[in-house]
Amino acid sequence: MEFNKLTFDCMDTLRPYFTENHGRLCDGTVGGTFIWRDYHRSEYALEDGIFYLKVEYPEVSYALPRGKAIDKAAYDKIIEQCALEGIPALLCAVAEKDVTTLTGMYPNSEIRTDRSCSDYLYLSSDLVGLAGRKYSGQRNHINRFTREHQTWSFEHITPANLSAVREYYKKYALEHYKDAPAYLEGDRKAMEVLDNLEAYEIFGGALYVGDEIIGVSFGEIMGDTLFVHAEKADTEHHGAYPMLMNQFAAAFTSEDVIYINREEDDGDEGLRTSKLSYHPTEILHKYTIELK
């Protein structure tokens, strides 16, 4: 197979291969693939109508091939390619539902998973309504926010406020600087997304107090799921994060958008505690499979 570097300019060519994401994993979205393309040193090949994606995850691995007629031959081709390169035939970010299918075809395969990479999947109706005792904490935070900030508003990102959103995001990145490659790359690509919302087909919203932006979130919809790719808010405004989350969910879900994927916790215990407190309907584990 002939592989080429995955670049921003490839997006229109490859978008038709992102029409389905039955596993509802963030890795299988356009945003999840292209935002992290440089971090994972992504390369792609198109062969016989099938899209192959090679990434460093951190080992050289393959995403599940995409196309209309994926069968064992597509996986055999990955095994052959890896044999030529002298590396294990690894599939990464495999949804749980696909593990059984793959191990049925390759019964000697080895499987592993990393909890820090698991996605958090919620019912959109839960995050919009925040109903019942289990969400009393979030409602209390939101009620305090609205009491203390009576001039708050939530606005879609549009050409009219895009410049202000970009300035907020840059300011936030500077004030919350972390010397971590993944964190820095996420900030860099967030600016690329904001400069190319139409190309990415990503949308977003900003939380205001008066004329000041105090939170920004953006994501995309694929099938029945809203994927939240970024969520930043100023914690000095009590309740800003639950308010931003709730308003974003209310603004961008509908009857057809049943789930919200708020992505991974990256092993951060504080982030894990926060995401669990919103009571996910499912933790979407991702598996690495060495095909044998």
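The values are calculated or read from the model by the stated rules, or taken from the named source; none is laboratory data. Quick caveat, the model's predicted, so the values are computed rather than measured. All Cβ positions, glycine included, derive from the backbone under ideal geometry; neighbour counts span all protein chains shown. Accessible surface areas use protein heavy atoms only, side chains included; no ligands, DNA or RNA. Shrake-Rupley method; radii C 1.70, N 1.55, O 1.52, S 1.80 Å.
Going through 118, 125 one at a time, which residue ends up being within 30 Å of residue 251 (Cβ to Cβ), surrounded by fewer than 19 Cβ atoms within 10 Å (Cβ to Cβ) and modelled with pLDDT of 95 or more?
Numbers: 118 fails: surrounded by fewer than 19 Cβ atoms within 10 Å (Cβ to Cβ).
Just a single option satisfies the conditions, and that option is 125.
Scanning segment 55-85 for residues that are open to solvent by less than 40 Å² (accessible area, probe 1.4 Å), part of a helix (DSSP H, G or I) and under 18 Å from residue 99 (Cβ atoms) turns up 74, 75, 78.
Each residue in segment 9-22 was checked for being within 27 Å of residue 284 (Cβ to Cβ) and either among the aromatic types (Phe, Trp, Tyr) or in a helix (DSSP H, G or I) (or both), and 7 of them qualify.
Pairing each residue of segment 134-162 that is closer than 15 Å to residue 234 by Cα with any residue that is assigned to a helix (DSSP H, G or I), provided the two are 6+ apart or on different chains, yields C-beta distances under 6 Å for 141/242; 142/242; 142/243; 145/243; 154/247. For segment 177-184, the condition holds for no residue, the condition being that it is surrounded by 14 or more Cβ atoms within 10 Å (Cβ to Cβ) and either touching a strand residue (DSSP E or B) at 6+ places or on another chain (Cβ under 6 Å) or touching a residue at least 40 places away in the same chain (Cβ under 8 Å) (or both).
Against the list (1) open to solvent by 30 Å² or more (accessible area, probe 1.4 Å); (2) at negative phi; (3) touching a helix residue (DSSP H, G or I) at 6+ places or on another chain (Cβ under 7 Å); (4) not aliphatic (A, V, I, L, M), the condition residue 278 fails is (1).
Restricted to segment 86-100, and to residues that are farther than 25 Å from residue 35 by Cβ and β-branched (Val, Ile, Thr), which residue is surrounded by the fewest Cβ atoms within 10 Å (Cβ to Cβ)?
To start, the set of residues in segment 86-100 that are farther than 25 Å from residue 35 by Cβ comprises 86-89, 99-100.
From what is left, the residues that are β-branched (Val, Ile, Thr) are 87, 99-100.
Numbers: 87: 12, 99: 17, 100: 8.
Going through the qualifying residues, I end up with 100.
From 78, 70, grab the single residue that is closer than 23 Å to residue 111 by Cβ, at pLDDT below 95 and β-branched (Val, Ile, Thr). I'd like the intermediate steps shown before the answer.
Numbers: 78 fails: at pLDDT below 95.
Being closer than 23 Å to residue 111 by Cβ, at pLDDT below 95 and β-branched (Val, Ile, Thr) holds for just one of 78, 70, which is 70.
Based on what the data block shows, is residue 199 touching a residue at least 24 places away in the same chain (Cβ under 8 Å), part of a helix (DSSP H, G or I) and farther than 23 Å from residue 256 by Cβ? Outline the logic, then answer.
Working: touching a residue at least 24 places away in the same chain (Cβ under 8 Å): yes; part of a helix (DSSP H, G or I): yes; farther than 23 Å from residue 256 by Cβ: yes.
Judged against the criteria, residue 199 is a match.
Restricting segment 23-34 to residues that are assigned to a helix (DSSP H, G or I) and touching a residue at least 40 places away in the same chain (Cβ under 8 Å) leaves a set whose member that is most open to solvent (accessible area, probe 1.4 Å) is 27. Taking every residue in segment 219-239 that is within 15 Å of residue 33 (Cα to Cα) and pairing it with any residue that is of a type in the set (Lys, Arg), at least 6 positions away or on another chain, the pairs with Cβ-Cβ distances below 9 Å are 222/24; 227/24; 227/262; 228/262.
Have a look at 41, 37 and point out the one that is of a type outside the set (S, T, N, Q) and either open to solvent by 50 Å² or more (accessible area, probe 1.4 Å) or part of a strand (DSSP E or B) (or both).
Just one listed residue meets the conditions, 41.
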